[in-house]
Amino acid sequence: MKVGIFGGTFDPIHYGHLITAVAVKEIRNLDKIIFIPSFIAPHKTDRISSPPEHRIEMLKIAIKGIPYFDYSDYEIKKEGVSFTIDTLRFLKNNYKDIELIIGYDNLLDFRNWKAPEDILKLIKLVVLKRKVISEPLEKDKFYFASELIETPTIEISATDIRDRVRNNKPINFLVPDNVMEYINHFNLYKD
Ligand code: ATP
């Protein structure tokens, strides 16, 4: 069993995540992808995300019925700051062959993650295409250790979706319909 681990805030999960996850599954020949919402992302401690119960519920309804997509509530149940190294050590008990899926924006910051070298010893780092504001002047060892894959570039971000909702703009075609209905029902992102 070869699994892909896709972590994030997922506030909310959107088609950028879902479309690229399907592509990475096919390109890397993965048996399944496990989405893992963070309780608190280490690089987002200065901002308040939606309650984890909402974020994981949206994730669940977005992937419902897709046999090769799964989720884990490990980080949410654990609470505190969700460090990927801790989650991977836990997952290694069940899965031997793990690929960690991150967006290109996150690769550029990977050296600042907790124990990046140890992460690389546990998993293969797979990087999704994503536009970044500025390319790094120097590529670091993590860049060279990773597998950059040709996923479609889908320019959707959760930040943009939250802004659109706040400004009463439609979010059709950015998130699955049932996620859109969930956001409306619980009045998320309206402040
Ligand atoms: P925010 O705008 O709130 O920062 P986000 O849209 O970047 O959120 P996250 O939940 O933080 O979404 O992302 C989880 C992971 O998915 C990260 O590794 C991120 O790089 C990646 N990702 C998010 N959106 C895309 C996209 N459109 N294409 C490829 N990767 C993406």
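The values are calculated or read from the model by the stated rules, or taken from the named source; none is laboratory data. From a predicted model like this one, the values you see are computed outputs, not experimental measurements. Cβ placement follows ideal geometry from the backbone for every residue including glycine, while neighbour counts extend to all protein chains displayed. Heads up: the accessible areas ignore ligands, DNA and RNA and are worked out on the full protein's heavy atoms, side chains in. Shrake-Rupley method; radii C 1.70, N 1.55, O 1.52, S 1.80 Å.
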Conditions: (1) closer than 22 Å to Glu117 by Cα; (2) open to solvent by 60 Å² or more (accessible area, probe 1.4 Å). Pro51 meets all but one. Number of the miss? (1)
Is it the case that some residue within the range 160-176 is out of contact with any helix residue (DSSP H, G or I) (no Cβ under 9 Å at 6 or more places or on another chain), within 25 Å of Arg55 (Cβ to Cβ) and surrounded by fewer than 11 Cβ atoms within 10 Å (Cβ to Cβ)? yes
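I'd like the residue in the range 1-19 that is part of a helix (DSSP H, G or I) and out of contact with any Pro (no Cβ under 7 Å at 6 or more places or on another chain) and, out of all such residues, is surrounded by the most Cβ atoms within 10 Å (Cβ to Cβ). Write out each step before concluding.
We begin by selecting, within the range 1-19, every residue part of a helix (DSSP H, G or I); these are 15-19.
Applying the additional criterion that residues be out of contact with any Pro (no Cβ under 7 Å at 6 or more places or on another chain) yields 15-18.
Details: Tyr15: 16, Gly16: 22, His17: 25, Leu18: 22.
Going through the qualifying residues, I end up with His17.
Condition check ((1) within 12 Å of the ligand (Cβ to nearest atom); (2) modelled with pLDDT under 95; (3) closer than 19 Å to Leu125 by Cβ) across all residues:
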position: Ala21; (1), (2), (3): yes, no, yes
position: Lys25; (1), (2), (3): no, no, yes
position: Asn29; (1), (2), (3): no, no, yes
position: Phe90; (1), (2), (3): no, no, yes
position: Asn93; (1), (2), (3): no, no, no
Take the range 5-19 and flag every residue that is more than 11 Å from Ser157 (Cα to Cα) and more than 6 Å from the ligand (Cβ to nearest atom). Ile5, Phe6, Gly7, Leu18, Ile19
Taking the range 31-49 as the search range and keeping residues that are over 18 Å from Lys78 (Cβ atoms) and in a loop (DSSP other than H, G, I, E, B), which one is modelled with the highest pLDDT? Asp31
Here the qualifying pairs (Cβ atoms under 7 Å; residues six or more apart or on different chains; first in the range 73-97 and assigned to a helix (DSSP H, G or I); second of a type in the set (S, T, N, Q)) come out as Tyr74/Thr87; Glu75/Ser38; Glu75/Ser82; Glu75/Thr87
Starting from the range 111-139, take each residue that is assigned to a helix (DSSP H, G or I) and list its partners that are hydroxyl-bearing (Ser, Thr, Tyr) and surrounded by 12 or more Cβ atoms within 10 Å (Cβ to Cβ), counting only C-beta distances under 7 angstrom and pairs at least six apart or across chains. Ile119/Thr84
Condition check for Arg162: near the ligand (Cβ under 10 Å from one of its atoms) and in a loop (DSSP other than H, G, I, E, B): no
Quick one: count up the residues across the range 62-121 that are within 29 Å of Leu174 (Cα to Cα) and open to solvent by less than 30 Å² (accessible area, probe 1.4 Å). 17
Filtering the range 140-159 down to residues that are open to solvent by less than 50 Å² (accessible area, probe 1.4 Å) and either touching a residue at least 40 places away in the same chain (Cβ under 8 Å) or under 18 Å from Ile13 (Cβ atoms) (or both) yields Ile149, Thr151, Ile154, Ile156, Ser157, Ala158
